[in-house]
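Single-structure report; data block below.
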Amino acid sequence: MGVFLLNIYTIQYIIFLSSYKIDTMSTKAEKTTAYIIETVAPIFNKHGYIGTSMSDLTEATGLTKGALYGNFENKETLALSAFEYNSRALLKSLDEKLNIEGTALDKIASLTKFYKNYDIFTNHLGGCPVLNVGMDAQNNNSLLAAAAKETIKEIEGMIALVLENGVNNNELKLPVPPLQFSKQLYTMLQGAVAMFTITKDRKYLINTVAYLDVLITKEIKK
């Protein structure tokens, strides 16, 4: 009987160790994957899909090419994960800005203020992921181009929802449907981002936001 119980405990202990080992390995693999994505995201964003070499990635991560491919199927999969990482960071910040307490005008003002300092926010991302990846991928990677397009749609949808709620709450009057106004608003903001990216002149961000703030107050405030 004692030997039988000992065998049971031994088996249970072995199962526990095996389970612990699997969990530990899983956690380690997840941490490695997260580390790789976080490290290479700004590199892909700065240099583009074609412009980023495997040597750039191995040098930045300190890992071998085999180790990178052990976590990702290929370079394209890694680039898509990197863009998703950057776009999630952007969408999270925009969601926070658009979900502050207050009226729809307060939320839009929070959004424009965010873009006034957009260069500071995107600095650690390697620049604006929507602009950089969206333009770079047009002629060399259809999956990345599609991902950037979906991010744009999501941002425009977030802004449109705030505008629609503002109209429903009798806070705003819009000359066009909320989504159309959202598209025009985002076009102006993203245009300022593009001009800043090309010239490195922050006045494009500052002046565009100042103009939009006046326009919004005069044109859509009830």
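The angle between the Cα long axis of helix 75-98 and the main principal axis of the chain comes to about 50°, on a 0 to 90 degree scale. To the nearest ten degrees, helix 104-116 and the longest principal axis of the Cα atoms of the chain are 70 degrees apart.
One chain, two ends: residue 135 and residue 39. Fully extended at 0.36 nm per residue, the span grows by 32.4 nm beyond their Cα-Cα distance. Its DSSP H runs of at least 4 residues, each contributing -39,500 (n - 2.57), put the calculated 222 nm mean residue ellipticity of the chain at -27500 deg cm²/dmol, to the nearest 500.
Helix 203-219 and the long axis of the chain differ in direction by around 60°, with both axes built from C-alpha atoms. Within the listed set 43, 120, 152, the Gaussian network model of the chain (springs between alpha-carbon atoms below 10 Å) gives the highest mean-square fluctuation for 120.
Using the Cβ-Cβ distance between residue 93 and residue 210 with R0 set to 25 Å, the FRET efficiency from 1/(1 + (r/R0)^6) comes to roughly 0.75. When all alpha carbon pairs of the stretch 2-219 are counted in 5 Å bins from zero, the resulting P(r) reads 1, 6, 12, 15, 14, 12, 9, 8, 6, 5, 4, 3, 2, 2, 1, 1, 0, 0 %. Free of any GluC sites (Glu not before Pro) that DSSP assigns to a loop and that have at most 12 other C-beta atoms within 10 Å, the longest stretch within the chain is 102-222.
Taking a ≥ b ≥ c as the square roots of the eigenvalues of the alpha carbon gyration tensor, the stretch 48-107 is prolate, as a/c is not under 1.5 and a/b beats b/c. Of all lysines in the structure, the ones whose alpha carbon falls short of 25 Å from that of residue 203, not counting any fewer than 8 places away in one chain, are 46, 97, 107, 113, 116, 183, 218. The stretch 100-114 and the stretch 121-168 have their alpha-carbon centroids 19 Å apart.
None of the figures in this text is laboratory data; all of them are computed from the coordinates on show. Please read these numbers as outputs of a predicted model, since none were measured by experiment. Cβ coordinates were reconstructed from backbone atoms using ideal geometry, including for glycine residues, and neighbour counts include every protein chain displayed.
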